[in-house]
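Remarks on the structure that follows.
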Amino acid sequence: MAQPPADPWWKSAVVYQVYPASFQDGDGDGVGDLPGVIDRLDHLHTLGVGAVWLSPVYPSPWDDNGYDVSDYRGIHPRFGTLDDWDRLRDGLHERGMRLVMDLVVNHTSDEHPWFADSRSSKESPRRDHYIWRPGRDGGPPNNWGSVFSGPAWTRDEATGEYYLHLFSRRQPDLNWENPEVRAQVHDIARWWLDRGADGFRMDVINFVSKAPGLPDGPVPAGGGYGLFAEHAVNGPRLREFLGGLRDAAFAGRDVLTVGEMPGVGVEQAREHTDPAGGEVSMVFQFEHVDLDHGPGGKFDPAPPDLRRLKASMDRWQLGLGDRGWNSLYWNNHDQPRALSRFGDDGEHRVASAKTLATTLHMMKGTPYVYQGEELGMANARFRDISEYRDVETLNHHRHALAAGEDAERVMAGIGRMSRDNARTPMQWDASPHAGFTTGTPWIAVNPDHAEVNAEAALADPDSVFHHYRRLIALRGEHPVVVHGAYAPLLPDHPALYAYTRTLGATVLTVLANWSADEVEADADPAAAGPGPRLLLGTHPEPEGVFAPLRPWESRVLLSG
């Protein structure tokens, strides 16, 4: 009898995101690099991850920390050379891990040769590689605002026309309506795959199709720039464009492709990730990490509500349970540290870090670990704006103060939500710069590194690191973790996060207390199957698997 086709490797793998500038500095210049990553591969191997997603290491003027690419077929000198990349690829493959690159092709840097050519004149052969428009009524072509504050258009003196940049003014959007642009992107993807990359995380890839005519967007209450989402997110030709990339670069290759897609819905994600006709392996959706944004946006945070979070996560688990595939994440380079956001980075730091991990890693999908998450790293909460480096943060601070907002309130929002919270150096040991560099780090180290660091974590069998290691190991030991059907329990409970995963006669149950109080394990014991045993817990073994849960305690039970 013919064997059924094997599952793709990325269904059972855990992916670890390396933000190279902050991971490990190999040459003492204060910026992380590829030789530094190579030096730390044993850490990743011990953790047990199956793949490394490498944030951009391409040549770049570094306006948006490398997400403004000036050459897609090279390595920025601060990170090393292509030979170093080859050594990293080989080192990962020798240890049974894969290498996933970051593909940033909604926009380029304004220093990319394509843009230099495009802006040189209206007759340039590359003029149509970007989105140029004449002004309107003495101002920009439409009312769109940028993600990074201010207008989404900049007037270029050379030709008197405006170019579109949904992000920084130094990140002009490519014009994917031009088939030559799409062909260039296909060629870039093939180039890296031929060199040995094992896939791509594709930056804001659902922004590449814009509505014809680029109409004005609705203006939010209180005024300001128009919102571009309904005209430039999940646009009319998105599936066509992504399908072309799949067919030209990914088809026939054993690769992971994850599309970062802010604003994508469950039904759209089902289509994008359906093995029969979908374009990508999985998507990064933002619904759950947008729930604590207040009326003023991300820098006006609201207290997180566990019931809303569960409703969102359950919707995605159930929605993609029978078709498509979920990505699972709390953290990445664009988000504040989840421990400070959803957990308790004070008294219950260790327990809450473990419980956040348990809750996520036992769901159906591919989990992503962001560097330092496995140590329980927390927000840095810098006190002064001079300590921040992130273009989004600095722009917000400038625009908010210019608009008359209270300076203390602005800094409080930045302290909680800035992307720089995730970008402080990896905490390897208790030395002055946390073992990250012998020089001066490009961004300050979190002061808590004296207690929270990899050296201490590896030496402590009860550390957050070893809990992550055990969670990751369960994926290879129990098929129910990868394939089991998901069913939520107690969706309206304000503190208990509970669900089951079922595969045949095997039932895996997660009971997680997301609070600093003791909580009764109110889930119906029958839901956990006959005779459940404790598979993994965050605390010393309880008197019984359904005993009250201590503050931030979580348990994984197995029956069958």
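Rounded to the nearest 500, what is the 222 nm mean residue ellipticity of the chain from helices alone, with -39500 (n - 2.57) per DSSP H run of 4+ residues and division by all residues? Rounded to the nearest 500, the figure is -7500 deg cm²/dmol.
Panel values: the range 86-190, Kirkwood radius from alpha carbon pairs, Stokes-Einstein at 4 °C and 1.567 mPa s, translational diffusion coefficient 84 µm²/s. Per the Debye formula on identical point scatterers at the alpha carbon atoms of the range 366-442, with no solvent, log10 I(q)/I(0) at q = 0.16, 0.17, 0.19, 0.27 Å⁻¹ is -0.68, -0.74, -0.86, -1.27. Take the convex hull of the alpha carbons in the range 459-527; its mean projected area over all directions comes to 5.9 nm². For the pair Ala516 and Asp247, the difference between a 0.36 nm per residue extended length and the Cα-Cα distance amounts to 91.8 nm.
Loop-located trypsin sites (Lys or Arg not before Pro) in the range 50-123 (DSSP state not H, G, I, E or B) with no more than 14 neighbouring Cβ atoms inside 10 Å: Arg73, Arg95, Lys122.
Compute the length gained on full extension between Asp460 and Leu291: take 0.36 nm times their separation in residues and subtract their Cα-Cα distance, giving the result in nm to one decimal.
Result: 57.4 nm gained on full extension.
FRET efficiency for the pair Asp187 and Ala158, taken as 1/(1 + (r/R0)^6) with r the Cβ-Cβ distance and R0 = 45 Å, rounds to 0.95. Scattering from the chain was approximated by placing one identical point on each alpha carbon and applying the Debye formula without solvent; log10 I(q)/I(0) at 0.06, 0.07, 0.13 1/Å stands at -0.29, -0.40, -1.47.
Surface composition of the range 496-560: carbon and sulfur atoms hold 53% of the protein heavy-atom accessible area at a 1.4 Å probe. Here the label points at Leu401 and Glu111, each 7 Å from Cα along the C-beta direction, are separated by 2.6 nm in the simple model.
Using the Cα atoms as the points, what is the convex hull volume per residue of the range 433-560 in Å³?
152 Å³
Sparse packing (at most 16 other Cβ atoms within 10 Å of the Cβ) combined with a DSSP loop state is found for none of the trypsin sites (Lys or Arg not before Pro) in the range 393-487. Amide H neighbours of Leu164 under 5 Å, counting only residues 5+ apart in sequence or on other chains, H built in-plane at 1.01 Å? Residues meeting the criterion, in which the H sits 1.01 Å from N, are Ile131, Asp173.
To the nearest ten degrees, helix 82-94 and the longest principal axis of the Cα atoms of the chain are 20 degrees apart. Could you list the residues of the range 280-300 with an amide nitrogen less than 12 Å from a label point located 7 Å from the Cα of Arg315 in the Cα-to-C-beta direction? What the label zone holds, given the 12 Å backbone N cut-off, is 286-291.
Available extension along the chain between Lys122 and Asp86 is 8.9 nm, counting 0.36 nm per residue and deducting the alpha carbon span. Based on alpha-carbon atoms, the Kirkwood radius and the radius of gyration of the range 15-124 give Rg/Rh equal to 1.05.
For the range 224-359, the normalised intensity computed at q = 0.14, 0.17, 0.19 Å⁻¹ comes to -0.77, -1.04, -1.19 (log10 of I(q)/I(0), Debye sum over alpha carbons, equal scatterers, no solvent). Taking the centroid of alpha carbons for each part, the range 62-112 and the range 508-560 are 43 Å apart.
Per residue, the chain exposes 37 Å² of accessible surface when a 1.4 Å probe is rolled over the protein heavy atoms with every protein chain present. Using 30 Å as the Cα-Cα cut-off, could you pick out the over-long pairs in Lys210/Lys310; Lys298/Lys364; Lys11/Lys310; Lys210/Lys354; Lys11/Lys354? Flagged as over cut-off: Lys210/Lys310; Lys210/Lys354.
Between Arg323 and Glu451, the modelled labels are 5.0 nm apart [label points 7 Å from Cα along Cα→Cβ]. Between Glu347 and Glu177, the distance separating the two model label sites (each 7 Å from Cα on the Cα→Cβ line) works out to 5.9 nm. Assuming R0 = 56 Å, what is the FRET efficiency of Glu387 and Ala505, from their Cβ-Cβ distance, to the nearest 0.05? Calculated transfer efficiency: 0.55. Each eigenvalue of the Cα gyration tensor of the range 131-190, multiplied by 5 and square-rooted, gives one semi-axis; in descending order these are 24, 14, 9 Å. Above 21 Å, the calculated P(r) of the range 255-330 contains 30 percent of its Cα-Cα pairs.
Across the options Val264, Val452, Pro367, the greatest Cα extent toward the positive end of the charge dipole of the chain (unit charges at beta carbon of Lys, Arg, Asp, Glu) belongs to Val264.
The values are calculated or read from the model by the stated rules, or taken from the named source; none is laboratory data. In this text the structure is predicted, and so the values were computed from the model without any measurement. Counting neighbours? That spans all protein chains shown, and the Cβs are built from the backbone with ideal geometry, glycine included. Accessible surface is based on the protein model in full, side chains and every heavy atom, while ligands, DNA and RNA are left aside. Shrake-Rupley method; radii C 1.70, N 1.55, O 1.52, S 1.80 Å.
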